[in-house]
Structure formats: structure tokens, C-alpha cells
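Comments concern the structure below.
The values are calculated or read from the model by the stated rules, or taken from the named source; none is laboratory data. All values reported here derive from a predicted model rather than from experimental measurement. Note that we place each Cβ from the backbone using ideal geometry, even for glycine, and neighbour counts take in every protein chain shown. SASA here: full protein model, heavy atoms, side chains in, ligands and nucleic acids out. Shrake-Rupley method; radii C 1.70, N 1.55, O 1.52, S 1.80 Å.
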Amino acid sequence: MAETDYRNGPTRRAVLEGGVATGVLLATSIPAYAEPAGAVSAAASAAPAPTMPMTLRINAKDLSVELDPRTTLLDALRNHLGLTGSKKGCDHGQCGACTVLVDGRRINSCLTLAAMHEGDEITTVEGLAVGDRLHPVQAAFVARDGFQCGYCTPGQICSAVGMLGEARAGWPSHASADVAAASVALTDAEIRERMSGNICRCAAYPNIVAAIRDAAEGA
Amino acid sequence: MQSFTYERAASAEQAAAAVAAQPDAKFISGGTNLLDLMKLEIERPAHLVDISRLPLDRIEETAAGGLRVGAQVRNSDLAADPRVRSRYPMLTQALLAGASGQIRNKASTSGNLLQRTRCPYFYDRNMPCNKREQGSGCAALQGFNRTHAVLGASEACIAVHPSDMAVAMAGLDARIETISPGGETRTIPIGDLHRLPEATPHVETVLGHGEMIAAVTLPPPPPGRQVYRKVRDRASYAFALVSVAAIVEKSGDRIRSARIAMGGVAARPWRATEAERTLAGAVASDGAFTDAAEAALAGAVGHGGNDFKIPLAKRTMRHTLAAAVESA
Ligand SMILES: Cc1cc2nc3c(=O)[nH]c(=O)nc-3n(C[C@H](O)[C@H](O)[C@H](O)COP(=O)(O)OP(=O)(O)OC[C@H]3O[C@@H](n4cnc5c(N)ncnc54)[C@H](O)[C@@H]3O)c2cc1C
Ligand code: SF4
Ligand code: FES
Ligand code: FES
């Protein structure tokens, strides 16, 4: 997406991308100076698109931002609010790395606009722990070594938290033999089917399933 | 993504009027299909009217004994509703066979019906595609077409409609309620909602600009056992190559009535009426299921890569009918 990024903290990615952006600015500034005065208005019309003020409630804090309407919830979190826990894998709803909880339900933050979530209670991986006490799903991922590179992990953990709530509410899945049954037994087949929206490039799946099984049994 | 202006709709009528007022305006519901396509600049709306907060998120009993599903009911809520699970189990099965837990938590009933094709050339702006760019040609006809249509296609387009939910709804004779900018409402049988491509594949439905889906009504559940079966390249999180929704009502050894819809084979959920006629009154047997499958696919045409879909659809139909009868 072509949009201006205002980053909060000096993350490694910000430094890398900042370097690239500087290069682009230098390259384009040369013809701009050489152009006649009439070109200035054309350049000005390509100025950043108008922004919208909005307040997002994230991890129990109200945060006010001005955003281009095109900004996805994921880009708002990562690029504007300094919450880089949620990851961008595919940006098209296919990998689950960007999973967050909205009013307790797991969604892909890359396929929704920030502006659509004013007034919602948004929880990211940064908001799961209570102080130094990890969320039971986080603790289970650590205990079971449910990751290798860790890139998919925030999405896996948020997704698992949402999924366990769905199972507690008795929601069936494609793996359930009888969709009318009132309750769900979270077998490994059920866990795998319910977590199929989260891809792990390192294929840490056996340990991810074990971690979620532990968290489900402990709950 | 091209830039756009955004507004949150205040009411259904106001939303319809706001879209009607601008030729390039669109409704946004869950956004899971529209934003995907906007990022690729396949969709380029200049104005978005957000209908996701409208109070159309309830599932209500109808006087006739069916259910009225608001356009904003999420796919996950519809699948999990106890009334749907017990009375329309194949609708729950179809919903749960589609997409992922995260996407179903966002996807709305109306957005699911109106999601666009997954034809890879529709997604690739460097390739000709009559649906994306009228008159540019169809790259799939001579190209990679293993996911494409075998029924109801045209020389202009062989794309399929990707929804699972719509296939179950077609088998259940769902009706679509809409509201237009002036506040008028109308009801469209689900079989008439999507157009076949003919010479104008870019026109996908009978809805007018600014006409908004308000609800989907399910008639009382028909007698008989319901089964939805989906065949795909992966066991989970993949679109259908072929799917079949079937309801079979038995009386002794014989089939009293059957309702069958197919997915992954056409530009709309495909009601297999010839197969239904073949089955009515027949003795429930593999021979009858084979006859039904032959009747359903009699007019099927392959395009090379998707030739396998014709025998696959027949086998899937036989197995789905057998499963529906077994436990009837
Ligand atoms: C990775 C991935 C995998 C998927 N797998 C499957 C699958 O296996 N099976 C399946 O069936 N689907 C699948 N889907 C598609 C998914 O079901 C759709 O994206 C979803 O149902 C669209 O609903 P939405 O509310 O998000 O629609 P939106 O994206 O908000 O809208 C889609 C279209 O409908 C229009 N629209 C929405 N509501 C209305 C209304 N009330 N009146 C008039 N127009 C309206 C919008 O203007 C837009 O043109 C998948 C999607 C993804 C991203
Ligand atoms: S099949 Fe339809 S959607 Fe695909 S390239 Fe041809 S015209 Fe486009
Ligand atoms: S980044 Fe959102 S699903 Fe991949
Ligand atoms: S741990 Fe590397 S992608 Fe999952």
C-alpha cells in the first residue's frame, strides 16, 4: 500500500525501511528541482491523501490517531501505534500471522480497516499477559517449544485464545462428526482443523498442537 | 490501494442511498473479499459505505417456520446457531468447510453471497480477463483452468463462484431480501441472484447499483437428511474443486424427493434439477445415484485442465447421496 508511515519507536524494520525511503527521496529530488515552477502544483496534488481522526481501544487503552482511510488495522498497529507484535505474513488473509482479538473474537487484522474498529475492544499479543504473568496459552507455547523462528507465533497465540473460547461455547468445526452436538472434545484433529488459518513456515505444528492441548486441559 | 473516502452507514436506507449517489461507491461488510481485491487494485471504489454495524445481525424465526438471517450475521455465528445446527445442518457443514476461523468471524452473510471468483487470471492484472476488464479476453480458456467451470460457462468466461455457504442455501431454496435507495424492498430466489456469464461476465448479479442485501430467508427445513460434501486440494482451508449439498427424503426403500446443489462447477451455485427428477420415486440404490449423477453432468463441458471435474462431480454426488440415504 502506498501510504505514509509514521513510526513510533526505532524498530529494526523502521531503520531499514527508513534507509530505503531516504534513497528514494534523494533520487526524486533531483528532477523535482530541475522542473519549471508550473510543475509544483502537480507535485502538491500528489500529497498524502486526507486523513481521518479516530480513537482505537487497544489492550485496554484508548489511542487517538489520524489515519489515511486505507490503513488496515494491522498497519495501524504496526506502523502507527508501535505495536509490532502482530506480524504481516501475506497481507491477504491467508496465513494468520496478523491475528488479533476484537471483542474477544479472532480476526485477521490485515483484511480490515482501522476505521471500521472504532469503539471495539482490540487485544493484541502485547495485551495478553497480566504484568509479568503470561497468559496460559503463552506459557504453554514456551513450555512446549511451540515455535522455531517465532514469526507466526503471536498470530498462533491470539488465534488459539480465540479458538479456545469458540470451543468452550460449543461451536462445532469441520472436524466434528455431529455439528448438532452440544459440546466439543478438543481432540488433536479438532485442534488442527480449528487452527488451519494459521500457517507455520517452520512447521512447528506438533508442538503448537501440544501447547494448545495443554492450555485447553488446564483451562 | 487507491484512495477512497469512508463513511459508516446510519441505516439500511441511508446506506443504499449513499452508494447509489456515487457511481464508484461500494458497500463494505466484513471486508475480507473487497479489501483483498482493493489491495491488488482489482476493485477501485472511490467511496466506501461501511454497513458492518447496521442492526442486521440477528437470526429470527419466521411465521412459516423457517429462519430469517440478517445480512450482517457473521459466517461463524450462523454456523454455530443451535437452530441452524439442528434444522439446517448442511448449512453449518458448508460454512465450516469454508475459509478459516478468523475469516468466518468477519465474513458476513451478504458478503459471502457476493464474493468474487478466485480465477487466478482475474487476480492477475497483467492477463486478459473479461470479468475484470470487459472485452479484454479470457486467459483461462486456453490457460490454467483446472479450477474452472464445467456447467453454464461461456466463451467469454469460465470462472466459478467460490462460495460454500451459497451452495447449501441453494439446496435449501433460500430467498434474498434487498432494500433499494428509495426504500423499496424485493425478494429474489437464490437461484436468480447470480447471472451466468454469457457475453457479460463483469455483470455478476441481478442487483442494481445501491441495492443492498438486508437478509436471507430460509424456508422451513425440507424433510430428509442433509449432507454437504466438499472436495478440495487440501483437507482444510482451500476452496472447493467440487462440492455437493443434498437433502434426500425416503419412504420405505424409495426416494420420495431429493434436492441437490453443486459448487465449484459454475458461476452460480448450481441446482441439479435433472438429477432431482431422476431420483424422485426411484429405489434408493447406487444405480439410481449413478443415473442422477449422469443426469446432473449431462451438459458438462471441460476445458482441458478441468476435465477431471466431470467424473469427480459425478462421484462426489453419488457418495453424498449415499451418505444422505444411509442415515435417513
Ligand atoms: C484466505 C481465504 C480463504 C477463503 N476460503 C473460502 C472457502 O473455502 N469457501 C468460501 O465460501 N469462501 C472462502 N473465502 C471467502 C470468504 O468467505 C469471503 O471473503 C467472505 O464471505 C466475504 O464476506 P465479507 O462480509 O467479508 O464481504 P466483503 O468483502 O465486505 O464484501 C464482498 C462484496 O459484497 C458486497 N456486499 C457486501 N454486503 C453487501 C450487502 N449487504 N448488499 C450488497 N452488497 C454487499 C461488497 O460491496 C463487496 O463487493 C476465503 C477468503 C479468504 C481470504
Ligand atoms: S475465466 Fe472469467 S474471471 Fe477467469 S480469466 Fe476468464 S474472464 Fe476472467
Ligand atoms: S498477514 Fe493477515 S493473514 Fe497473513
Ligand atoms: S515458528 Fe517459524 S513460522 Fe512458525
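Would you mind listing the strands (runs of 3 or more DSSP E) fully within segment B:1-76 where at least 3 residues are crowded, with 17+ Cβ neighbours inside 10 Å and away from chain A (no Cβ under 12 Å)?
B:25-28, B:67-70
Determine, yes or no, whether B:T217 is in a strand (DSSP E or B) and open to solvent by 20 Å² or more (accessible area, probe 1.4 Å).
So B:T217 fits the description; yes.
Could you say whether any residue in segment A:97-104 is out of contact with any Cys (no Cβ under 9 Å at 6 or more places or on another chain), within 16 Å of ligand 3 (Cβ to nearest atom), at pLDDT 95 or above and closer than 30 Å to A:P50 by Cβ?
The answer is yes; a qualifying residue exists.
When you scan segment B:184-199, do you find a residue that is crowded, with 19+ Cβ neighbours inside 10 Å, within 12 Å of ligand 2 (Cβ to nearest atom) and farther than 30 Å from B:K250 by Cα, even just one?
Yes, segment B:184-199 contains at least one residue that is crowded, with 19+ Cβ neighbours inside 10 Å, within 12 Å of ligand 2 (Cβ to nearest atom) and farther than 30 Å from B:K250 by Cα.
Within segment B:297-313, identify whether any single residue is in contact with a strand residue (DSSP E or B) (Cβ under 9 Å, 6 or more places away or on another chain), among the polar types (S, T, N, Q) and away from every other protein chain (no Cβ under 14 Å), and answer yes or no.
No, because not a single residue in segment B:297-313 is in contact with a strand residue (DSSP E or B) (Cβ under 9 Å, 6 or more places away or on another chain), among the polar types (S, T, N, Q) and away from every other protein chain (no Cβ under 14 Å).
Of the residues that sit in segment B:310-328 and are outside any loop (DSSP other than H, G, I, E, B) and in contact with a Lys or Arg (Cβ under 8 Å, 6 or more places away or on another chain), which one is surrounded by the most Cβ atoms within 10 Å (Cβ to Cβ)?
Applying the filter and picking the extreme gives B:A324.
Which pairs turn up if I take residues in segment B:284-296 that are open to solvent by less than 40 Å² (accessible area, probe 1.4 Å) and look for partners that are part of a loop (DSSP other than H, G, I, E, B) with beta carbon separation below 6 Å, at least 6 apart in sequence or on another chain?
So the pair list comes out as B:A288/B:A282; B:A296/B:A272.
Could you tell me whether A:G119 is within 13 Å of another protein chain (Cβ to nearest Cβ) and over 13 Å from the mean Cα position of the chain (by Cα)?
Answer is yes for this residue.
Every residue in segment A:132-143 that is open to solvent by 30 Å² or more (accessible area, probe 1.4 Å) and touching a Lys or Arg at 6+ places or on another chain (Cβ under 9 Å), please.
Once the filter is applied, which keeps residues that are open to solvent by 30 Å² or more (accessible area, probe 1.4 Å) and touching a Lys or Arg at 6+ places or on another chain (Cβ under 9 Å), segment A:132-143 yields only A:A139.
Can you tell me which residue is farthest from B:N33 (Cα to Cα) among those in segment A:97-116 that are charged (D, E, K, R) and open to solvent by 10 Å² or more (accessible area, probe 1.4 Å)?
A:D103
Can you tell me how many residues within segment B:86-110 are more than 10 Å from ligand 1 (Cβ to nearest atom), open to solvent by 20 Å² or more (accessible area, probe 1.4 Å) and at the interface with chain A (Cβ under 7 Å from one of its Cβ atoms)?
Within segment B:86-110, residues that are more than 10 Å from ligand 1 (Cβ to nearest atom), open to solvent by 20 Å² or more (accessible area, probe 1.4 Å) and at the interface with chain A (Cβ under 7 Å from one of its Cβ atoms) number 3.
Does at least one position in segment B:119-139 carry a residue that is within 30 Å of B:R225 (Cβ to Cβ), away from ligand 4 (no atom under 16 Å from the Cβ) and open to solvent by 20 Å² or more (accessible area, probe 1.4 Å)?
No, there is no match, as no residue in segment B:119-139 is within 30 Å of B:R225 (Cβ to Cβ), away from ligand 4 (no atom under 16 Å from the Cβ) and open to solvent by 20 Å² or more (accessible area, probe 1.4 Å).
Would you tally the residues in segment A:57-74 being in contact (Cβ under 8 Å) with a residue 40 or more places away in the chain, within 16 Å of ligand 1 (Cβ to nearest atom) and outside any loop (DSSP other than H, G, I, E, B)?
Final tally of qualifying residues: 2.
Looking only at helices (runs of 4 or more DSSP H) that lie completely in segment A:131-219, which have at least 1 residues being away from ligand 4 (no atom under 14 Å from the Cβ) and under 18 Å from A:S86 (Cα atoms)?
Per the criteria, A:136-144, A:153-168.
Could you list, ordered by first residue, the pairs with Cβ atoms under 7 Å in which the first is in segment A:148-165 and closer than 9 Å to A:A204 by Cβ and the second is of a type outside the set (V, I, T) and assigned to a helix (DSSP H, G or I), at least 6 apart or interchain?
Once the first residue is closer than 9 Å to A:A204 by Cβ and sits in segment A:148-165, its partners that are of a type outside the set (V, I, T) and assigned to a helix (DSSP H, G or I) give A:T153/A:F141.
Starting from segment A:75-98, take each residue that is away from every other protein chain (no Cβ under 14 Å) and farther than 18 Å from B:Q102 by Cα and list its partners that are more than 10 Å from ligand 3 (Cβ to nearest atom) and open to solvent by less than 20 Å² (accessible area, probe 1.4 Å), counting only C-beta distances under 6 angstrom and pairs at least six apart or across chains.
Listed by first residue and then by second, the contacts come to A:L83/A:L77; A:L83/A:T124.
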